[in-house]
Amino acid sequence: MSPRIGLDLPTIIQKAAEMADENGLESVTLASLSQKLGIRSPSLYNHVDGLSGLKEKLALYGLKNLYDRLLRAVAGRSGDDAVFAIGLAYIGFAREHPGLYEATLPAQQTEDAELIKVSEELIQLIITVMDYAYKMKQEDTIHLVRGFRSFMHGFATLERSGGFGLPVNLDESIQVVLKVYVAGIRQQFRT
């Protein structure tokens, strides 16, 4: 069976990403996606290997978009400014693309070579920013990157689930915590 004219993988992934952002990742099924595209479900098999294949492609698309956003955010910046920029870009991506962000999370347990490569590039970008900003031992940098990612992911996840109910501006909270994080690095490692 040949692919439908005008239907290609980028179109499929873009529509799946839109659906995930609008209604959550769980709303993306082969049936719901084919309905949105105006095709029969079997037509999707010309482009993806079932639902798991679709979600892997969606994860890859999300990771590439997140990486590009972080890279643009740190361009021309260094030190604390770069750390703030990458943190705010991370939270911004999760806010603007909640379903796509959610799709990137299982990418950590994949065997897909391309997903692994993009995941590693994303982590390496954060490591490079931290290393350049604070010039520490590699092991210390890794500890800080783990903490940074935990903070960013935790904040994004709690915000998405409505876990911040106190009447304080969330953008201010991010700024305060990033300031404390950076001050803590400078204090602990005397940079």
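Could you tell me whether any residue of segment 134-145 is surrounded by fewer than 17 Cβ atoms within 10 Å (Cβ to Cβ) and closer than 17 Å to Tyr90 by Cα? Steps first, please.
First, pick out the residues of segment 134-145 that are surrounded by fewer than 17 Cβ atoms within 10 Å (Cβ to Cβ): 135, 137-140, 142-143.
Narrowing further to those that are closer than 17 Å to Tyr90 by Cα: none.
Among the residues of segment 134-145, not one is surrounded by fewer than 17 Cβ atoms within 10 Å (Cβ to Cβ) and closer than 17 Å to Tyr90 by Cα, which makes the answer no.
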Where Ile174 falls short, out of the listed (1) under 20 Å from the mean Cα position of the chain (by Cα); (2) farther than 22 Å from Gly76 by Cβ: (2)
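With segment 85-191 as the region, which helices (runs of 4 or more DSSP H) entirely inside it contain at least 2 residues that are in contact with a helix residue (DSSP H, G or I) (Cβ under 9 Å, 6 or more places away or on another chain) and without any contact (Cβ under 8 Å) to a residue 40 or more places away in the chain?
Ranges flagged: 113-134, 138-160, 170-189.
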Condition met for Ser150 (polar (S, T, N, Q), more than 19 Å from Asn65 (Cα to Cα) and surrounded by 14 or more Cβ atoms within 10 Å (Cβ to Cβ)): no
Given (1) surrounded by fewer than 17 Cβ atoms within 10 Å (Cβ to Cβ); (2) assigned to a helix (DSSP H, G or I); (3) not acidic (Asp, Glu), number of the condition Ala20 does not satisfy: (1)
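Residues checked against (1) more than 11 Å from the chain's Cα centre (by Cα); (2) closer than 21 Å to Asp68 by Cβ; (3) modelled with pLDDT of 95 or more:
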residue	(1), (2), (3)
Phe93	no, yes, yes
Leu100	no, yes, yes
Gln108	yes, yes, no
Glu114	yes, yes, no
Ser119	no, yes, no
Lys135	yes, no, no
Asp140	yes, no, no
Thr157	yes, no, no
Those residues of segment 22-56 which are of a type in the set (Asp, Glu) and more than 25 Å from Glu111 (Cα to Cα), in sequence order: Glu22
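The values are calculated or read from the model by the stated rules, or taken from the named source; none is laboratory data. These figures come from a predicted structure and were not determined experimentally. Neighbour counts run over all protein chains shown; Cβ positions are idealised from the backbone, glycine included.
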